1. Once you place label points 7 Å from the Cα toward the Cβ at ALA80 and MET1, how far apart are they in nm?
2. Taking N as the number of residues in the chain, what is its Cα Rg relative to 2.2 N^0.38 Å?
3. Straight-line reach from LYS68: which lysines fall under 24 Å, measuring Cα to Cα and dropping same-chain residues less than 8 apart?
4. Would you mind counting up the charge near PRO70? Only other residues with Cβ under 11 Å from its Cβ, with Lys and Arg at +1 and Asp and Glu at -1.
5. What FRET efficiency do you get for GLU53 and GLU15 if R0 is 41 Å and r is their Cβ-Cβ distance, rounded to the nearest 0.05?
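Derivation of every value follows stated rules applied to the coordinates shown; laboratory data play no part. These numbers come from a predicted model, not from an experiment. Every residue, glycine among them, receives a Cβ derived from its backbone with ideal geometry; neighbour counts consider all protein chains shown.
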Amino acid sequence: MTESEREYIREKSLEGQASARERGRHGGHPKAVDDDMAAYARPLRANGVPVPELARKLVITSGKNQGKCPSAAAVYRILAEEDEGAA
C-alpha cells in the first residue's frame, strides 16, 4: 500500500514538473553569472587577470545576492563552460 502511494506521489510530482517546464518555469537557483558577465570575464581572463580578482570586478544583477560579487568558483565554472562550448 505504501509503495503504491509513493509511486502515485512520484507520478504527480513528475507531471507537475513537466507542466511547469511547458510553461517556461524551471526549478533551481538562478545563475549568479549571466551572459554579459561571462562576455566581460572572457577577455580579462585571456589577458591574464587572476580569477579571484576577476570575481571581485563582477557584480550580480538579480536575485537575492544582487549587488554582491560572485564566488571565484562560479567564475571558474562559467569559464569552464565557455571552454567546453568552444571545444
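1. If labels sit at ALA80 and MET1, their model points lie 4.8 nm apart.
2. Compared with the compact-globule rule of thumb, the chain sits at 1.58.
3. LYS31, LYS57
4. Surrounding charge for PRO70 is +4.
5. 0.30
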